[in-house]
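The values are calculated or read from the model by the stated rules, or taken from the named source; none is laboratory data. Just so it is clear, the structure is predicted and the values come from calculations on it, not from any experiment. Positions of Cβ are backbone-derived with ideal geometry, glycine not excepted, and every protein chain shown enters the neighbour counts. Ligands, DNA and RNA are stripped out before the accessible areas are found, and what is left, the full protein with its side chains, is counted by its heavy atoms. Shrake-Rupley method; radii C 1.70, N 1.55, O 1.52, S 1.80 Å.
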Amino acid sequence: MSGDTAATDNSGSWSELFQGANAAYTVMVMLGVMMYSLQILVVVTIMPTVVSEVGGSSYYVWASMLYQVGAIVGSASVGPVWARTGGRGAFVLAGLVFAAGTLGCALSADMVQLVAARAVQGYGGGLIIGGTMGFVSRVYAPRIRTRILAIYQGFWSVCALIGPLVGGVFAEIGWWRGAFWAFLPFVVLYCLMAWWKVPKTLTQAGGSSRFPFARIVLLAVGVLGVAASGQVETLWGRALMLIGSLACIGMTFLIDARSEHRMFPSRPLSLANPVGMGYWILIIVGAAQASVTILLPLVLQVVYDVTPLLVGVTSMINSSAWTLGTFIVAGWTGTRERLAMRSGPVFMIIAVAGFLAAIYGASLVTLLCACFFLGFGIGVHHVHLSSRTMEGALRGEETITASSMSMIRSLGQALGTAIAGMVANLAGLGIAVDAATVSQAVTAVFAWSLLPMGFALWLIVRLSAKANESINL
């Protein structure tokens with residue numbers, strides 16, 4: 001599709017999302033986002049209460065980590081699951097797996113059971129959120145695709161605001177299990193809507209009857225290793241674990257490329273085609289964002305000596321700016337679309353420069369403005385990046401291209417977190433946590449993030465330029 005044709009097609013209205021069959025589809029999208037995202041944010045809030053009741057403090061971070069690992073693997077499994085069950089069956093199966101994990105969390109007698117149930121819940125959540133992206137690429141016309149992606153992101157931001165509140169309510173009344181029981185009716189509703197509303201004809205072309213267990217296990221080991229590398233105390237141990245984990249992930253892609261029925265699209269990491277460029281941008285931006293946001297609370301509390309409440313305010317500013325940017329540019333086409341895509345990384349680079357200036361200038365206002373620019377930069381480019389990556393998919397690979405996008409971005413975030421920890425430790429963070437050491441370590445991490453962001457800017461300029469060419473590289 002040429003850039004001019006894409007610009008013409010992408011002129012739909014917001015009302016189309018809530019008309020006819022699209023209305024039920026849009027509700028399904030919002031339900032999927034709600035279930036997946038709230039179970040990330042609620043659990044973080046209730047974990048202190050969980051530990052106080054069932055113990056297992058040594059597994060504290062694993063409840064969140066295994067949910068994320070399960071979600072990444074679940075997103076990567078969407079293509080094979082769709083190939084075997086069709087879209088309708090895949091969504092119902094995803095809901096049932098998510099329900100089983102949620103029920104397991106609610107009934108957990110100890111932390112080990114909870115962590116195992118969170119992995120199952122995360123896998124179901126990955127099937128849901130990855131399947132949702134595949135669903136968007138298949139049932140919504142290109143002219144309204146950026147608008148449903150804006151709804152997707154906007155609802156995610158709403159969940160980011162209310163998630164800690166919901167978790168806080170259940171923690172306050174001392175019934176942390178209620179944070180899981182309360183979600184089961186929504187899961188049932190999701191399954192029923194999927195069964196009644198998802199078309200029977202929604203399938204994955206060229207499907208295989210065999211499930212790629214070896215590739216799934218290899219990917220799971222690699223992603224788990226990346227996530228767990230942050231728990232290794234020695235720098236060399238962390239580096240070796242990270243290298244080994246990346247090797248497992250790389251082997252997954254290599255084996256998949258030679259398989260007849262793939263989990264990922266053709267040449268997913270090639271810099272010569274739109275999908276490959278889009279995936280690299282997702283990885284880089286996800287890593288850079290994670291490396292910044294993971295250390296921002298430390299800067300606020302140690303360097304600025306602010307309360308945890310203000311730390312929450314920065315997250316609110318970031319997510320609100322992300323949503324604002326998304327909705328401002330969702331309907332842009334042609335030249336304005338290219339401007340939105342290219343300006344996103346620029347805003348993020350400005351944000352990082354602002355963070356660096358704030359650390360040594362001791363300006364809290366500058367830091368808060370940088371939080372806004374970071375979220376706004378992601379918002380203005382991400383919705384069009386997602387749409388362009390979907391449109392770049394080869395015929396028959398639409399579902400696996402779109403569904404694996406959330407996995408690719410999450411992988412970038414996991415890598416960013418692990419690398420940020422390594423850079424910070426090299427800068428002395430593990431030795432002391434005083435203001436001077438924190439400033440030095442965070443400066444090193446933020447300065448490092450400028451390099452991949454610059455590379456992302458170069459890639460997004462290339463991708464937006466290729467969007468105007470009629471050939472599909």
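What the table shows:
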item	result
Members of the range 119-176 that are open to solvent by less than 50 Å² (accessible area, probe 1.4 Å) and of a type in the set (Lys, Arg)	Arg145, Arg147
Filter result (of a type outside the set (A, V, I, L, M, F, W, C) and crowded, with 24+ Cβ neighbours inside 10 Å) within the range 393-408	Thr399, Thr401, Ser403, Ser404, Ser406
Top-ranked residue of the range 321-335 - restricted to ones that are closer than 19 Å to Met348 by Cα and not aliphatic (A, V, I, L, M), ranked as surrounded by the fewest Cβ atoms within 10 Å (Cβ to Cβ)	Phe327
Among (1) surrounded by fewer than 18 Cβ atoms within 10 Å (Cβ to Cβ); (2) part of a helix (DSSP H, G or I) - the single one Phe347 does not satisfy	(1)
Selection within the range 247-263 - touching a residue at least 60 places away in the same chain (Cβ under 8 Å) and open to solvent by 20 Å² or more (accessible area, probe 1.4 Å)	His261, Arg262
Residue match in the range 264-272 (condition: surrounded by 24 or more Cβ atoms within 10 Å (Cβ to Cβ), of a type outside the set (S, T, N, Q) and within 18 Å of Arg395 (Cα to Cα))	yes
Meets criteria (of a type in the set (A, V, I, L, M, F, W, C), over 18 Å from Val275 (Cβ atoms), in a helix (DSSP H, G or I) and open to solvent by 30 Å² or more (accessible area, probe 1.4 Å)) for Val352	no
Selection within the range 357-379 - open to solvent by 40 Å² or more (accessible area, probe 1.4 Å) and assigned to a helix (DSSP H, G or I)	Ala357, Tyr360, Gly361, Leu364, Val365, Thr366, Leu368, Cys369, Phe372, Phe373
Residue list for the range 93-131, restricted to those being touching a Ser or Thr at 6+ places or on another chain (Cβ under 8 Å) and among the β-branched types (Val, Ile, Thr)	Ile129
Flag if Tyr25 is more than 16 Å from Val115 (Cβ to Cβ), crowded, with 19+ Cβ neighbours inside 10 Å and among the aromatic types (Phe, Trp, Tyr)	yes
Check on Ala71, under 25 Å from Gly168 (Cβ atoms), surrounded by fewer than 24 Cβ atoms within 10 Å (Cβ to Cβ) and not basic (Lys, Arg)	no
Residue check for Ile294: open to solvent by 60 Å² or more (accessible area, probe 1.4 Å), in contact with a Lys or Arg (Cβ under 9 Å, 6 or more places away or on another chain), farther than 21 Å from Ile151 by Cα and among the β-branched types (Val, Ile, Thr)	no
Boolean, Ile255 is more than 22 Å from the chain's Cα centre (by Cα), part of a helix (DSSP H, G or I) and modelled with pLDDT of 85 or more	yes
Which listed residue is open to solvent by less than 10 Å² (accessible area, probe 1.4 Å) and part of a helix (DSSP H, G or I), from Thr102, Thr49	Thr102
First in the range 30-51 and over 10 Å from Ile128 (Cβ atoms) and free of Cβ contacts under 8 Å to residues at least 24 places away in the same chain, second anywhere and open to solvent by 10 Å² or more (accessible area, probe 1.4 Å) and assigned to a helix (DSSP H, G or I), Cβ under 9 Å, 6 or more apart	Met47/Ser64; Met47/Ala171
Residue satisfying condition, being closer than 16 Å to Arg84 by Cβ and either in contact with a Ser or Thr (Cβ under 7 Å, 6 or more places away or on another chain) or of a type in the set (A, V, I, L, M) (or both), within set Val158, Val188, Val198, Val217	Val198
Hits in the range 416-451 (condition: under 30 Å from Arg262 (Cα atoms) and open to solvent by 30 Å² or more (accessible area, probe 1.4 Å))	Thr417, Ile419
Restricting the range 217-243 to residues that are modelled with pLDDT of 90 or more and out of contact with any helix residue (DSSP H, G or I) (no Cβ under 6 Å at 6 or more places or on another chain), the residue that is nearest to Ala414 (Cα to Cα)	Ile243
Which numbered condition Leu295 fails, given (1) at pLDDT 90 or above; (2) closer than 20 Å to Pro452 by Cβ	(1)
Residues of the range 108-118 satisfying the condition of being in a helix (DSSP H, G or I), surrounded by fewer than 24 Cβ atoms within 10 Å (Cβ to Cβ) and in contact (Cβ under 8 Å) with a residue 12 or more places away in the chain	Met111, Val112, Val115, Ala116, Ala117
